[in-house]
Amino acid sequence: MSQTRTIMIECLRYDPEQDQAPHYRTYEVPFTDEMSVLEGLQYIKDHLDGSLTFRWSCRMAICGSCGCMVNHQPILSCQSFLRDYYPARIRVEPLEHFPIVKDLVIDQSDFLGKLESVTPYLVPAQPLTPEDGPNLQTPRQIEDYLGYAQCINCLLCYAACPQYGLNHEFTGPAALALLARYNADSRDAGQKTRMAVVNAEEGVWGCTLVGLCSEVCPKHVDPARAINRNKINSTQDYFLRFLMPFGRGS
Amino acid sequence: MTPAPKTYVRPMNRWWMRHPAYRRYLLREGTSVMVAAYALFLLAGMVCLVLGETAFNLWRGFLQSPVSVIFHLAALAAFAFHAWTWFKVMPLTTPPIRFRGQPVPDRMIFRAALWAWGIASVALLVLAMRFL
Amino acid sequence: MRTRSHEPIVWSLFGAGGVFAALLGTMLVLIIGILVPMGLGFGPEAMHYDSLRGLFGHPLPALGLAVVISLFLFHGAHRIYHTLHDLGIPASKKMMLACYGSAAAGSGVALLLAGMLVVF
Ligand code: SF4
Ligand code: FES
């Protein structure tokens, strides 16, 4: 067991039944080297204030439910360690740009709608049945989308994106990255439907390439790249339709 | 269905204070003010050139003044920062490039762009020394 | 149904301006504002009226200058338009007209002047 030290955790608190606006409370949390920010929050809940509310599940950076802001940086609390902040105090807040339901819990329903809007599943060219057998891909074809497929819907990228904060119409990083993920899949034929989302003002054109989304993504999905590459595609699509008024081949 | 809970939406005022990346972003976008200003400055030069020798000499004389030197040093910084940041994010926009089957890493694209910057600058200087 | 954005038009101009500004901007400023006035590598006769009239009397340099000015203006207009929105001034038709309209006007003037330099 490593030695125990004490860190100050300043936490945003908001109770919709009592508070008009959020406020902050500071807790003294004893911690050891292997304790994550999430475990710090759990310590508060178990020993100092049972009313503190936050989401978590896997504790291993894969479920995507424990995202929050630490000192204005969006992070997965299960993947960030208290020792890396000590001796400074830390300020924990719910993910930026989302409505707060209670304490560190945000309402992600807006994102879920956006996720749905990008047709986030394979659309085969012809309907397939089990008799058609497996849908084969080469390693190279997998490589084309595998990076984008790592998204765990943790929403750190939305919390990093001021354009989403300023305009909630913007489809946003993760949804647009998943859009690119399915478009890049050789088994998919749904590009046409998704292109309408890409081409819209709320699609890729809501992005001004701040770029922080890609930096904070714990799975290196690189949504900024997915979005900005689709700006080129959208521009081509915009001008090519004048050349080929009867619809494009692919 | 349960009624939607009352939620709290945080304001966006002074959002750029929240992260250094936001201030770097605004600085990058801010270079465009200088780019536009410099275009207007060149446009003014063009107007003077059309108006005739006396008018043009005023513009040409201004180049010699300390105000102009300060303006140009600021413009120089803005253009250089613009170029650096432009090339830095360029790999995000370019379609995936492969060389011998391997994806070309971002830093190679960035380095190639820096070379292009250098070559274009030298070419412009050579042309200017020949024709101005 | 989502409506298609017309952003590709201005984004293309912004991008072209950005490339020109990145590749040529620094040296352009250095030559005009520092090297020529200080006489570094350039004689005192550099950038004088007669030599510039001679140079821009040819269509290619004149058009080139006008295009560079125009693309710089569109590059600036595009970023300024979006940055004003970032700073809390809501994007509007009026703002759009002010930004891209002045870039278009400036481009028109630059092209006109280029034509005059060549013809007269
Ligand atoms: S793209 Fe990255 S940061 Fe955004 S939701 Fe997916 S995993 Fe999280
Ligand atoms: S608890 Fe699952 S990602 Fe952190």
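The values are calculated or read from the model by the stated rules, or taken from the named source; none is laboratory data. Keep in mind it's a predicted model, so treat the numbers as computed, not measured. For neighbour counting, all protein chains shown are included, and Cβ atoms are generated from backbone atoms with ideal geometry for every residue, glycine included. What goes into the accessible areas is simple: the full protein's heavy atoms, side chains included, and nothing from ligands, DNA or RNA. Shrake-Rupley method; radii C 1.70, N 1.55, O 1.52, S 1.80 Å.
Do you know which residues across the stretch A:8-44 are exposed (fewer than 14 other Cβ atoms within 10 Å of the Cβ) and outside any loop (DSSP other than H, G, I, E, B)?
Those that are exposed (fewer than 14 other Cβ atoms within 10 Å of the Cβ) and outside any loop (DSSP other than H, G, I, E, B): A:23, A:24, A:26, A:28, A:30.
Let's see how each residue does on (1) more than 18 Å from the chain's Cα centre (by Cα); (2) assigned to a helix (DSSP H, G or I); (3) farther than 20 Å from residue A:209 by Cα:
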position: B:31; (1), (2), (3): no, yes, no
position: B:42; (1), (2), (3): no, yes, yes
position: B:61; (1), (2), (3): yes, yes, yes
position: B:111; (1), (2), (3): no, yes, yes
position: B:117; (1), (2), (3): no, yes, yes
position: B:125; (1), (2), (3): yes, yes, yes
position: B:128; (1), (2), (3): yes, yes, yes
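So which residues in the stretch A:45-83 are among the aliphatic types (A, V, I, L, M), in a strand (DSSP E or B) and open to solvent by less than 10 Å² (accessible area, probe 1.4 Å), if there are any at all?
The answer is A:69, A:70, A:76.
Residues being loosely packed, with under 15 Cβ neighbours inside 10 Å and either within 14 Å of ligand 2 (Cβ to nearest atom) or in the same structural domain as residue A:158 (by TED's automatic domain parsing) (or both): count how many of those fall in the stretch A:84-95.
Of the residues in that region, 0 qualify.
Tell me which helices (runs of 4 or more DSSP H) are completely within the stretch A:137-189 and hold 2 or more residues being surrounded by 21 or more Cβ atoms within 10 Å (Cβ to Cβ) and away from ligand 2 (no atom under 16 Å from the Cβ), or say none if there are none.
A:162-166, A:173-183
Got a sec? Which of A:107, A:132 is of a type in the set (Asp, Glu) and surrounded by 13 or more Cβ atoms within 10 Å (Cβ to Cβ)?
Of A:107, A:132, the one residue that is of a type in the set (Asp, Glu) and surrounded by 13 or more Cβ atoms within 10 Å (Cβ to Cβ) is A:107.
Any residue in the stretch B:79-101 that's more than 21 Å from residue B:33 (Cβ to Cβ): show its pairings with residues that are part of a helix (DSSP H, G or I) and β-branched (Val, Ile, Thr) at Cβ separation under 6 Å, as long as the two are six or more apart or on different chains.
Pairs found: B:91/B:109.
Can you find a residue in the stretch A:207-228 that is facing chain C (nearest Cβ under 10 Å), modelled with pLDDT of 95 or more and in contact with a strand residue (DSSP E or B) (Cβ under 7 Å, 6 or more places away or on another chain)?
no
Looking at the stretch B:39-88 only, could you name the residues that are of a type in the set (Phe, Trp, Tyr) and over 21 Å from residue C:107 (Cα atoms)?
If the condition is that a residue be of a type in the set (Phe, Trp, Tyr) and over 21 Å from residue C:107 (Cα atoms), then B:62, B:71, B:81, B:84, B:86, B:87 are the ones that fit.
Going by the conditions given, is residue B:40 modelled with pLDDT of 95 or more and closer than 22 Å to residue A:216 by Cα?
The answer is no for residue B:40.
If a residue has to be assigned to a helix (DSSP H, G or I) and either of a type in the set (Asp, Glu) or more than 7 Å from chain B (Cβ to nearest Cβ) (or both) to count, how many in the stretch C:6-27 make the cut?
Number of matching residues: 13.
So which residues in the stretch B:105-132 are touching a Ser or Thr at 6+ places or on another chain (Cβ under 9 Å) and either open to solvent by 40 Å² or more (accessible area, probe 1.4 Å) or within 30 Å of residue C:54 (Cβ to Cβ) (or both)? Give the steps one after another, and end with the answer.
We begin by selecting, within the stretch B:105-132, every residue touching a Ser or Thr at 6+ places or on another chain (Cβ under 9 Å); these are B:109, B:117, B:121, B:131-132.
If the condition is that a residue be touching a Ser or Thr at 6+ places or on another chain (Cβ under 9 Å) and either open to solvent by 40 Å² or more (accessible area, probe 1.4 Å) or within 30 Å of residue C:54 (Cβ to Cβ) (or both), then B:117, B:121, B:131, B:132 are the ones that fit.
Tally time: how many residues in the stretch A:27-83 are within 14 Å of chain B (Cβ to nearest Cβ), more than 14 Å from ligand 2 (Cβ to nearest atom) and among the β-branched types (Val, Ile, Thr)?
Of the residues in the stretch A:27-83, 1 are within 14 Å of chain B (Cβ to nearest Cβ), more than 14 Å from ligand 2 (Cβ to nearest atom) and among the β-branched types (Val, Ile, Thr).
For the stretch C:28-61, which residues satisfy the criterion of being more than 9 Å from chain B (Cβ to nearest Cβ) and in contact (Cβ under 8 Å) with a residue 24 or more places away in the chain?
Within the stretch C:28-61, C:57, C:58, C:59 qualify.
From the list B:69, B:35, exactly one residue is surrounded by 14 or more Cβ atoms within 10 Å (Cβ to Cβ), facing another protein chain (nearest Cβ under 8 Å) and closer than 29 Å to residue C:104 by Cβ. Which is it?
Every option except B:35 fails the conditions.
Looking at the stretch A:93-117 only, could you name the residues that are among the hydroxyl-bearing types (Ser, Thr, Tyr) and either part of a strand (DSSP E or B) or closer than 24 Å to residue A:52 by Cα (or both)?
Listed by number, the list holds a single entry, A:109.
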